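Asker: Here's a structure for you.
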Amino acid sequence: TCRAGSQCPACGGPTLDLESQRELLLDLAKRSILDKLHLSQRPTLSRPVSRAALRTVLQRLHGPPQGAPPEANRAQDYEIISFADTGLSTINQTRLDFYLSNRTAGVMEVQQASLMFFVQLLPNASGTLKMKVLVSGSHNTNLTLATRRLLEVDASGWYQLLLGPDAQAAYSQGHLTLELVPEGQAAQGSVILLGAAHRPFVAARVRVEGKLRVRRR
Amino acid sequence: GIDCQGGSSMCCRQEFFVDFREIGWHDWIIQPEGYAMNFCTGQCPLHVAGMPGIAASFHTAVLNLLKANTVAGTAGGGSCCVPTTRRPLSLLYYDRDSNIVKTDIPDMVVEACGCS
């Protein structure tokens, strides 16, 4: 503030040594903050605050990343896992059906899907297993050849096959049928297990538009 | 606005940071870690007096010099080095009841200085 007939304090006045000036400024800063918060003195914490509460507050405070669209319009990514219903299977082919609930089907876009299945190798069997994959969608009962994949099968265990666009489209509509036909050197010495502990499944990364939520089970 | 650098006696902004840990306030102020208070200091000769914030403009200084010559003796000095731009300070802190409070206190951080 300008005082009539004299210089303002910022322009000169009595010179303080650096330490005193620093003390003065610190005191001014403290008083300024307390005044603005309507506090007469700094609060003394009466009870500890949980770190979880603090974390929640900080997350709320920082909000969604800058430039992100509003929550309601933002597409959500999920992973959906569907276990197979086993259909008519023989020693030479395994038929698997995957269903989605009506609520989920048709409103999501499948970005990637893969089939997981357990191959049991018979003793002394090993080598290359060629897997023919036939696919059928919900509107088409005929199975068509989707892919032929080579799998190096050297031990019993879980194996993965990435599913192509045909299978992804059928899955997003709610019903996917796959038929696996083992071929090649190891075909006779291997079995795809279908029991409860080895049930084949499709793991799909999907994107759901809008507010629909899909709970992973 | 001009930031103070060694040797200059003209109106400028001096940076001053209050570290909450250093003053023992970090236990109740969660964020930020400190307060960039800053302040204004320096001489304001009459010829740079004018509209705050544009005192550093050469043209303004010339105009004000003319004005000062005209009114010299009647104004009697009194131009102040004052904050011309400020911004709020956002605080996240525990209140007396250990509630977590977020508040923005306006005009707390001096961004630029000029002669009034």
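Asker: Just one of A:ALA10, A:ALA29 is in contact with a Phe, Trp or Tyr (Cβ under 8 Å, 6 or more places away or on another chain), surrounded by 10 or more Cβ atoms within 10 Å (Cβ to Cβ), at pLDDT below 90 and not in a loop (DSSP other than H, G, I, E, B); which is it?
Answerer: It is A:ALA10.
Asker: If you don't mind, there's one more thing I want to ask. Of all residues in the range B:86-116, count the ones that are touching a residue at least 60 places away in the same chain (Cβ under 8 Å) and of a type in the set (Ser, Thr, Tyr).
Answerer: Within the range B:86-116, residues that are touching a residue at least 60 places away in the same chain (Cβ under 8 Å) and of a type in the set (Ser, Thr, Tyr) number 3.
Asker: If you don't mind, another one. If I go through the range B:1-19 residue by residue, how many of them are at the interface with another protein chain (Cβ under 9 Å from one of its Cβ atoms) and closer than 23 Å to A:LYS30 by Cα?
Answerer: 2
Asker: Go through the residues of the range A:60-73 one by one and say whether even a single one is surrounded by 10 or more Cβ atoms within 10 Å (Cβ to Cβ) and at pLDDT 75 or above.
Answerer: Checking the range A:60-73: not a single residue is surrounded by 10 or more Cβ atoms within 10 Å (Cβ to Cβ) and at pLDDT 75 or above.
Asker: Answer yes if at least one residue in the range B:53-61 is modelled with pLDDT under 85 and at positive phi, and no otherwise.
Answerer: Looking through the range B:53-61, at least one residue is modelled with pLDDT under 85 and at positive phi.
Asker: In the range A:39-51, which residues are at pLDDT 75 or above and more than 7 Å from chain B (Cβ to nearest Cβ)?
Answerer: Passing the criteria: A:LEU39, A:SER40, A:GLN41, A:THR44.
Asker: For residues that are exposed (fewer than 15 other Cβ atoms within 10 Å of the Cβ) and assigned to a strand (DSSP E or B), tally how many sit in the range B:82-100.
Answerer: So the count comes out to 4.
Asker: Could you give me the residue pairs with C-beta distances under 9 Å whose first residue belongs to the range B:16-27 and is under 21 Å from B:THR41 (Cα atoms), whose second residue is buried (at least 18 other Cβ atoms within 10 Å of the Cβ) and of a type in the set (S, T, N, Q) wherever it lies, and which are 6+ apart or on separate chains?
Answerer: Matching pairs, first to second residue: B:PHE16/B:ASN38; B:PHE17/B:ASN38.
Asker: Still on this model: If the requirement is being buried (at least 19 other Cβ atoms within 10 Å of the Cβ), modelled with pLDDT under 85 and farther than 12 Å from A:THR94 by Cα, which of these qualifies: A:ALA186, A:ALA167?
Answerer: The unique qualifying residue is A:ALA186.
Asker: The conditions are (1) outside any strand (DSSP E or B); (2) at pLDDT 60 or above; (3) within 8 Å of chain A (Cβ to nearest Cβ), and B:GLU22 fails exactly one of them. Which is it?
Answerer: (3)
Asker: Tell me which residues, restricted to the range A:28-38, are over 17 Å from B:VAL110 (Cβ atoms) and more than 8 Å from chain B (Cβ to nearest Cβ).
Answerer: The answer is A:LEU34, A:HIS38.
Asker: All but one of (1) in contact with a helix residue (DSSP H, G or I) (Cβ under 7 Å, 6 or more places away or on another chain); (2) modelled with pLDDT under 85 hold for B:PHE16; which doesn't?
Answerer: Status for B:PHE16: all satisfied but (2).
The values are calculated or read from the model by the stated rules, or taken from the named source; none is laboratory data. Since we're looking at a predicted model, the values are computed, not measured. All Cβ positions, glycine included, derive from the backbone under ideal geometry; neighbour counts span all protein chains shown.
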